[in-house]
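Structure provided below as structure tokens; questions to follow.
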Amino acid sequence: MTFSKDLLAGQRILITGGGTGIGKSIARHFLQLGAEIVICGRREQVLADTAAELMGETGGRVLFKTCDVRDAAQVEALLDWIWAEAPLTGLINNAAGNFIAQSEGLSPRAVDAVLGIVLHGSAYMTLGCGKRWLAAGARGNVLSIITTYAWTGSAYVVPSAMAKAGVLAMTRSLAVEWGGRGIRLNAIAPGPFPTAGAWERLVPKPEMAAAFEAKNPMRRAGRHEELTNLAAFLMSDAVGYINGEVVTIDGGEWLQGAGQFNFVGEHMSDADWQALRTRK
Ligand code: HXC
Ligand code: NAP
């Protein structure tokens, strides 16, 4: 264990999309560090299975509830349900939707799907928690998982790049507006950290996974524990003066060649693009 086991003791943290992938890894680590965790997502069984698995593994407490973060009414209902028992001390905006696609073929619904989850979902969650903390005069802490192409842009993931840029702008804006009232907001920009959800939509060929590693200065993908250590550090009082910051954890990937998915065009034929569009 990198940190003392009580680093997050007394904290109650909501992780959106915490049933899978990076969100689940963060939940596991935060439980090991003494936090109580709430996870949400659209699939109840995924949430129930993750909650049972993590409680069994760590002995901590995990609450779960379905919520589509694109729907402001569902977000409010979730936050009311959580606060009825006890307030949150922190929020991780982790839920996302994304896929690689040729931008000229994107339908309005495809654009809305990604912007709705990432941009609107993060805004509804952050504003919902923020207004409750401010009304109570309580401290709060928001960490959003973004990407390096939030500031570089990237081909083939344009709605995601637009949405993550918006979440970064929200983070920096509210850090100033709310910093003096006890709420801090930060972001993490990960490079490639393999997960089933991201890889099936964004890295559909083994040679693309290999290319990700080859183009990284460190010649490897990230390890989940590296990211979860950073998340724990940023959510802890040990670094209570970090506010409005985005911390990159990508092995130096974006400095080597900006635009994380710019390279995928050379791996994809017209037939490959069509197959991805129609895959369900
Ligand atoms: C073109 C696509 C498409 C694709 C979906 N659409 N996939 N268009 N290429 N590959 C279009 C559909 O045709 C539809 O438009 C519209 O998008 C909505 O699709 P639905 O399947 O109806 O939406 P929904 O069930 O709400 O699913 C949302 C989703 C899906 C975003 C499309 O992928 C999802 O549920 N994702 C959640 C998990 C996820 O994305 N994880 C990865 C995060 S990784 P039409 O007009 O046809 O109806 C990440 C980091 C990246 O963000 C960095 C990694 C290194
Ligand atoms: P993932 O496993 O697919 O996680 C996405 C989660 O979001 C799922 O649990 C999903 O659950 C939830 N979600 C999606 N739409 C939702 C909605 N409308 N309402 C509520 N929850 C929703 O992918 P991941 O790789 O762990 O990604 C996690 C975060 O890391 C994302 O913000 C992603 O952009 C970021 N990131 C990942 C990488 C990487 O290399 N993996 C790199 C950079 C940034 P349901 O489907 O059940 O709703």
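State all residues of segment 80-115 that are part of a helix (DSSP H, G or I), of a type in the set (Gly, Ala, Ser) and more than 8 Å from ligand 1 (Cβ to nearest atom); if no residue qualifies, say none.
Residues satisfying the conditions are 84, 103.
How many residues does segment 227-280 contain that are without any contact (Cβ under 8 Å) to a residue 60 or more places away in the chain and of a type in the set (S, T, N, Q)?
Count: 4.
Please go through segment 126-141 and pick out each residue that is surrounded by 14 or more Cβ atoms within 10 Å (Cβ to Cβ), over 13 Å from residue 79 (Cβ atoms) and in contact with a Gly (Cβ under 8 Å, 6 or more places away or on another chain).
138, 139, 141
Also: Going through segment 74-115 one residue at a time, which ones are of a type in the set (Asp, Glu), free of Cβ contacts under 8 Å to residues at least 12 places away in the same chain and either within 16 Å of ligand 2 (Cβ to nearest atom) or touching a His at 6+ places or on another chain (Cβ under 6 Å) (or both)?
Within segment 74-115, 112 is the sole residue that qualifies.
Same structure again: Within the bounds of segment 259-269, is there any residue that is surrounded by fewer than 12 Cβ atoms within 10 Å (Cβ to Cβ), among the small types (Gly, Ala, Ser) and farther than 12 Å from residue 155 by Cβ?
Looking for residues that are surrounded by fewer than 12 Cβ atoms within 10 Å (Cβ to Cβ), among the small types (Gly, Ala, Ser) and farther than 12 Å from residue 155 by Cβ, one finds at least one in segment 259-269, hence yes.
Moving on. Can you name the condition, by its number, that residue 188 falls short on among (1) within 14 Å of ligand 1 (Cβ to nearest atom); (2) under 25 Å from residue 138 (Cβ atoms); (3) out of contact with any Leu (no Cβ under 9 Å at 6 or more places or on another chain)?
Unmet condition: (3).
Residues are listed down the side, and each one gets a yes or a no for (1) aliphatic (A, V, I, L, M); (2) surrounded by fewer than 19 Cβ atoms within 10 Å (Cβ to Cβ):
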{"position": "154", "(1), (2)": "no, no"}
{"position": "164", "(1), (2)": "no, no"}
{"position": "188", "(1), (2)": "yes, no"}
{"position": "199", "(1), (2)": "no, yes"}
{"position": "205", "(1), (2)": "no, yes"}
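Another one. Mind listing whichever residues of segment 61-79 are of a type in the set (S, T, N, Q) and either in a helix (DSSP H, G or I) or within 11 Å of ligand 1 (Cβ to nearest atom) (or both)?
Matches in segment 61-79: 74 only.
With segment 150-226 as the region, which helices (runs of 4 or more DSSP H) entirely inside it contain at least 1 residues that are touching a residue at least 60 places away in the same chain (Cβ under 8 Å), aliphatic (A, V, I, L, M) and touching a helix residue (DSSP H, G or I) at 6+ places or on another chain (Cβ under 6 Å)?
Output list reads 158-179.
Please find, among 34, 23, 56, 10, the residue that is on the phi > 0 side of the Ramachandran plot and either in a helix (DSSP H, G or I) or exposed (fewer than 15 other Cβ atoms within 10 Å of the Cβ) (or both).
Selected residue: 10, the only one of 34, 23, 56, 10 that is on the phi > 0 side of the Ramachandran plot and either in a helix (DSSP H, G or I) or exposed (fewer than 15 other Cβ atoms within 10 Å of the Cβ) (or both).
Quick check: anything in segment 250-260 among the aliphatic types (A, V, I, L, M), over 28 Å from residue 92 (Cβ atoms) and assigned to a loop (DSSP other than H, G, I, E, B)?
No, every residue in segment 250-260 fails to be among the aliphatic types (A, V, I, L, M), over 28 Å from residue 92 (Cβ atoms) and assigned to a loop (DSSP other than H, G, I, E, B).
Going by what's in this entry, would residue 16 be described as hydroxyl-bearing (Ser, Thr, Tyr), within 21 Å of residue 163 (Cβ to Cβ) and surrounded by 22 or more Cβ atoms within 10 Å (Cβ to Cβ)?
Considered against the rule, which asks whether it is hydroxyl-bearing (Ser, Thr, Tyr), within 21 Å of residue 163 (Cβ to Cβ) and surrounded by 22 or more Cβ atoms within 10 Å (Cβ to Cβ), residue 16 comes out as yes.
Next up: What number of residues in segment 1-14 are of a type in the set (Val, Ile, Thr) and either over 23 Å from residue 128 (Cα atoms) or within 9 Å of ligand 2 (Cβ to nearest atom) (or both)?
Residues flagged as of a type in the set (Val, Ile, Thr) and either over 23 Å from residue 128 (Cα atoms) or within 9 Å of ligand 2 (Cβ to nearest atom) (or both) within segment 1-14 amount to 1.
Could you figure out which of (1) within 14 Å of ligand 1 (Cβ to nearest atom); (2) in contact with a Cys (Cβ under 6 Å, 6 or more places away or on another chain) isn't true of residue 120?
Residue 120 satisfies every listed condition except (2).
Values in this text are rule-based calculations from the coordinates and carry no lab data. Quick caveat, the model's predicted, so the values are computed rather than measured. With ideal geometry, Cβ positions are generated from the backbone for all residues, glycine too; neighbour counts draw on all protein chains shown.
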